[in-house]
1. If only one of ILE201, ILE189 is aliphatic (A, V, I, L, M) and open to solvent by 10 Å² or more (accessible area, probe 1.4 Å), which one is it?
2. Quick test for you: out of ASP117, ASP127, pick the one residue that is in contact with a Lys or Arg (Cβ under 9 Å, 6 or more places away or on another chain) and at pLDDT 90 or above.
3. Considering the range 204-228 alone, what residues qualify as being within 30 Å of ILE254 (Cα to Cα) and either touching a His at 6+ places or on another chain (Cβ under 7 Å) or open to solvent by 10 Å² or more (accessible area, probe 1.4 Å) (or both)?
4. Scan PHE3, PHE33 and give me the residue that is open to solvent by 40 Å² or more (accessible area, probe 1.4 Å), farther than 28 Å from GLN237 by Cα and not in a helix (DSSP H, G or I).
5. Inside the range 1-55, can you point out the residues that are free of Cβ contacts under 8 Å to residues at least 12 places away in the same chain and either hydroxyl-bearing (Ser, Thr, Tyr) or in contact with a strand residue (DSSP E or B) (Cβ under 8 Å, 6 or more places away or on another chain) (or both)?
6. Scan the range 96-146 for residues that are over 25 Å from ASN184 (Cα atoms) and among the polar types (S, T, N, Q) and jot them down.
Amino acid sequence: MNFLSKKEIEISKKFKEQGFYIFDIEEKKDLFFLTDQVTELAKKKLKLKQLDLNNLHKHISKKEINEFRLFIFKKMNNQRWFGIKYYKIFKNYLDILVGNELAMQTQINLSIQMPKDKSSVLPMHADTFNGESPYEVVAWLPLVDCYLNKSMFIVPKKLNKKYISKISSYSKMGKGGMSKLKKNLKNKIKYLNLHYNQGLIFSPNYLHGNNENLQNETRWSFNTRFKSLLSPYTSEQHTLGKFYTPITMRQATI
């Protein structure tokens, strides 16, 4: 028996077919609040009166970007409301795709990718390669419009299955590893185009990453992981209290 609504079935089907789901954000006031807070921190750090996040690269060098990113990351994660507001933005779709008893990654990551900054490129990977749970999803929130190589990419389902089965052969001596695999997939990856006001939930079991940003704008995005509280934890490094925090535990479970 299936008690899911028609909407829940459609969203679940799209997620299964694509490995991701993009939605229009309903809790816009929380998105605007987060964006305003980030902008104010950036202005304070850079001693600016005005700042368009897209134009950050006009005010800071590539050598300074990581220290600047860590400043914003730490300031935001020190705010108790940050995780709550972030969860609220994704809640309706997490309920459908993951469940309503959740564990959340203890920190929310911040990515800033300025134009032609190769140091911010995230190599292609799947999170399970690093011992993370295959039962988690990534909630990815852009603070600006993200498109083409200003955004992230994901490998389509059929190709993902095919190439993950070949990982061991690519990792052999002289076979080129992940860089060779990525080169073979160069024209087959799918960039996920999102407008500001949209959110993304994707399965990190799919090969994904980003490339050099060749657009004339800076990308800002947050990301963090959610999983069903009672689903398996598959490594000692990624357990409750270390990597995840319970956020919606129900009384019967307690």
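The values are calculated or read from the model by the stated rules, or taken from the named source; none is laboratory data. As the structure is a computational prediction, the values presented were derived from the model and not from experiment. FYI the Cβ positions are ideal-geometry reconstructions off the backbone, even for glycines, and counts take in every protein chain you see. Heavy atoms of the whole protein, side chains included, go into the accessibility calculation; ligands, DNA and RNA do not. Shrake-Rupley method; radii C 1.70, N 1.55, O 1.52, S 1.80 Å.
1. One residue alone meets the criteria, ILE189.
2. ASP117
3. Passing the criteria: ASN205, ASN223, ARG225, SER228.
4. PHE3
5. Residues satisfying the conditions are SER5, LYS14.
6. Listed by number, the residues that qualify are ASN100, GLN105, THR106, GLN107, ASN109, SER111, SER133.
Let's see how each residue does on (1) within 30 Å of LEU207 (Cβ to Cβ); (2) exposed (fewer than 12 other Cβ atoms within 10 Å of the Cβ); (3) aliphatic (A, V, I, L, M); (4) at pLDDT 95 or above:
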{"site": "ILE9", "(1), (2), (3), (4)": "yes, no, yes, yes"}
{"site": "LYS13", "(1), (2), (3), (4)": "yes, yes, no, yes"}
{"site": "TYR21", "(1), (2), (3), (4)": "yes, no, no, yes"}
{"site": "ASP24", "(1), (2), (3), (4)": "yes, yes, no, yes"}
{"site": "LYS45", "(1), (2), (3), (4)": "no, no, no, yes"}
{"site": "LEU56", "(1), (2), (3), (4)": "yes, no, yes, yes"}
{"site": "ILE60", "(1), (2), (3), (4)": "no, no, yes, yes"}
{"site": "PHE71", "(1), (2), (3), (4)": "no, no, no, yes"}
{"site": "GLN79", "(1), (2), (3), (4)": "no, no, no, yes"}
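Per-residue answers, yes or no, for (1) among the aromatic types (Phe, Trp, Tyr); (2) more than 30 Å from LEU159 (Cα to Cα); (3) assigned to a helix (DSSP H, G or I):
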position	(1), (2), (3)
LYS7	no, no, yes
LYS49	no, yes, no
HIS57	no, yes, yes
LYS62	no, yes, no
ARG69	no, yes, yes
LYS75	no, yes, yes
